[in-house]
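Take a look at the structure set out below.
The values are calculated or read from the model by the stated rules, or taken from the named source; none is laboratory data. Just so it is clear, the model here is predicted, and its values are computed rather than measured. For neighbour counting, all protein chains shown are included, and Cβ atoms are generated from backbone atoms with ideal geometry for every residue, glycine included.
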Amino acid sequence: MNYRQARWERETDDGETVAEPLLSEKGTETVTHEASSLPDDLTRDELTLPELSEPEVAGHYTRLSQMTYSIEHGPYPLGSCTMKYNPKFTEDVAAIDDGAIHPDRPDEFAQGTLELLYGLQAFLADVGGMDEVTLQPPAGAAGEFTGLQVAKAYHRANGEHEQRREVVVPASAHGTNFATAALAGYDVVEFPAGEDGRVNVEALEDAVGDATAALMLTNPNTIGLFERDIEEIADLVHDAGGLLYYDGANLNALLGRARPGDMGFDIMHYNVHKTFASPHGGGGPGAGPIGVVDDLAAFLPDPHVRETDDGEYELYEPENSFGKVHGFHGNWLVLLKTYAYISRLGDSGLKDTSAMAVLNANYLASQLDLEIPYGPFHHEFVASAGDTDAAEFAKGMLDEGVHPPTTKWPAIVDEALMTEPTEALSKDQLDLLADAFAAAGQKSDEELAAAPETTAAARIDQTSAARNPRLSWRDLEVADD
Amino acid sequence: MSFDIPDDLYYTESHEWLAESDGTVRIGISDFAQDELGDIVFVELPAEGDDLDVGDAFATVESIKAVSDVYAPISGTVTAANDALLDAPEAINEDPYGDGWLLELDGDLTDDLLDADDYAAQIE
């Protein structure tokens, strides 16, 4: 594909050329306000803010969007991130006036909201094979944390909390698993993968014991392989008195076909931003529901939604709830998008999703001239850039008008290119992506070092950005002084 | 590529260096280690008075490529930490055996440390 990204440049008063100046660099205005009932030491009388007309602001953000790359532009195959296209109707649904309810509205006047939340709890429980689902956690990582808090509350109720100090995590797990376990106050026990890229049951036997609170696992795993020994693994953990935790990162591969609950998992989180078309992070509101088996339901966070005997819906505090992770209706509009997406697709649509996700990954892989050491894989695969630095290979792909895959992770594959096209790509887009891989593969080291040449920004100075982060336009003013 | 490995220092397999003077042992990471990590952007150090055992992860060094723990090669009590690194972590890249030192311990060198020749052989 011939590709050249827009780049809007402007010369500053100092004669410097900058790409699309910040709003604050184009115009500011100082507003004053003197009358305030708050104490003087808590208030200020004037404030300088960017001040521009609406067309200037609209133009600014449109130009920024032209100078960047998003899922709206084309393929975005970041492996394990499941960057699928979110259909626009979910935004329409979340924008309806009736969705804008006050968090503290009494239950009797929020029946529609509660009914949808209750319905979503049931949808997700069905998808995961879980008995009860909470929608409270405000992000995937918060879901993981909530899951381990439930596990902890369960062990505490059984008088085993002091004894069970460890969470077992495979070496190839997502970084969040280690972080979650540490943040929840557990010691992390890591165990290596077997030669075939799956959990080595013997290595796991050594890692699991009386001190195990939980094993965190994702299936299919990080390199897209199904953990065939999952039942044996579940027995091993359960016999040791531990709980089995499912990381929902790769649920897209299983939708409608296999359920974590049926495999023996006790707790799982759902990455609704990966699997069910709510927006990916960026600091905005998210949701990370978790599902649990019956034995753990009483420990879920407060509040939870239930149906009363007379067909109404209400919030209540589960009997042995470990406490709060959020509050009110959770991030309700995100959850509403999830509900809308699941409703639109239905059982057969969800089943098609996983089929297409797996088919697309396997078709794309078949078109690449790169080694893919582990298989058979499902919704994603990890190719090797061979003798080429994977990050440089990715830079080479940028000039082809696509986003590159995840690079250099997991470490089990040398110079890893972790690729997940998702079900959303057509064959034409997959071919485009395959061409981009081929083009990068044909470039010399010198050509890769010069790439990208067609993007608005070339090599970002990551070092300066990390050492001197400027997180607000105010920092820029300070930096200029 | 060749790396600077001063003869008068001791080394570990995990790429720390040690220098002893007047009963104080100064510790940092080697030229090879800083090169492997790439541009270092953040450092976390222990506090003065912390007691370290051999093998304790006593510092975290974060580069644009990776976050790595630094392990105590010997036991001892921290007598000084190089707090200048908190604002200028690039000193580890620019001068790993000088301004890029991490901390000083009140402790003794042990027999299992590597000399410059052994360490050079290890990273070859």
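Working only within the stretch A:136-184, note down all residues that are more than 22 Å from the chain's Cα centre (by Cα), over 16 Å from A:Asp295 (Cβ atoms) and touching a residue at least 12 places away in the same chain (Cβ under 8 Å). Selection gives A:Gln163, A:Arg165, A:Glu166.
Only one of the numbered conditions (1) under 30 Å from A:Thr17 (Cβ atoms); (2) within 14 Å of chain B (Cβ to nearest Cβ); (3) surrounded by 16 or more Cβ atoms within 10 Å (Cβ to Cβ) is violated by A:Asp461, and that is (3).
Selection over the stretch B:43-62 of residues that are of a type in the set (A, V, I, L, M, F, W, C), surrounded by 15 or more Cβ atoms within 10 Å (Cβ to Cβ) and within 14 Å of chain A (Cβ to nearest Cβ) gives a count of 2.
Within the set B:Pro46, B:Pro73, the sole residue that is at negative phi, in contact with a Gly (Cβ under 9 Å, 6 or more places away or on another chain) and part of a loop (DSSP other than H, G, I, E, B) turns out to be B:Pro73.
Residue check: is A:Ser36 outside any strand (DSSP E or B), free of Cβ contacts under 8 Å to residues at least 40 places away in the same chain and touching a Ser or Thr at 6+ places or on another chain (Cβ under 6 Å)? It is true that A:Ser36 is outside any strand (DSSP E or B), free of Cβ contacts under 8 Å to residues at least 40 places away in the same chain and touching a Ser or Thr at 6+ places or on another chain (Cβ under 6 Å).
Looking at this structure, is A:Leu398 within 29 Å of A:Pro170 (Cβ to Cβ), surrounded by 15 or more Cβ atoms within 10 Å (Cβ to Cβ) and touching a Ser or Thr at 6+ places or on another chain (Cβ under 7 Å)? Answer is no for this residue.
As a summary of the residue check, B:Lys65 satisfies the conditions (1) more than 14 Å from chain A (Cβ to nearest Cβ); (2) under 29 Å from A:Phe178 (Cβ atoms); (3) not in a strand (DSSP E or B) except for the one numbered (1). Residues that are at pLDDT 95 or above and of a type outside the set (A, V, I, L, M, F, W, C) within the stretch A:207-218 comprise A:Gly209, A:Asp210, A:Thr212, listed in sequence order. Take A:Gly264 and tell me if it is under 30 Å from A:Met356 (Cα atoms), crowded, with 16+ Cβ neighbours inside 10 Å, of a type outside the set (Ser, Thr, Tyr) and at pLDDT 95 or above. It is true that A:Gly264 is under 30 Å from A:Met356 (Cα atoms), crowded, with 16+ Cβ neighbours inside 10 Å, of a type outside the set (Ser, Thr, Tyr) and at pLDDT 95 or above. Each residue in the stretch B:85-111 was checked for being within 14 Å of chain A (Cβ to nearest Cβ) and either exposed (fewer than 14 other Cβ atoms within 10 Å of the Cβ) or in contact (Cβ under 8 Å) with a residue 24 or more places away in the chain (or both), and 8 of them qualify. Highlighted here are the helices (runs of 4 or more DSSP H) found entirely within the stretch A:187-267 that include at least 1 residues which are under 21 Å from the mean Cα position of the chain (by Cα): A:260-263. Within the stretch A:375-395, being surrounded by 22 or more Cβ atoms within 10 Å (Cβ to Cβ), in contact with an Asp or Glu (Cβ under 8 Å, 6 or more places away or on another chain) and either of a type in the set (A, V, I, L, M) or over 26 Å from A:His73 (Cβ atoms) (or both) holds for A:Ala383, A:Ala385, A:Ala390.
Please go through the stretch A:86-98 and give me each residue that is surrounded by fewer than 15 Cβ atoms within 10 Å (Cβ to Cβ) and touching a residue at least 12 places away in the same chain (Cβ under 8 Å), ordered by number. It would help to see each step written out before you state the result.
Keep residues of the stretch A:86-98 that are surrounded by fewer than 15 Cβ atoms within 10 Å (Cβ to Cβ), which gives A:88-89, A:91-92, A:95-98.
If the condition is that a residue be surrounded by fewer than 15 Cβ atoms within 10 Å (Cβ to Cβ) and touching a residue at least 12 places away in the same chain (Cβ under 8 Å), then A:Phe89, A:Glu91, A:Asp98 are the ones that fit.
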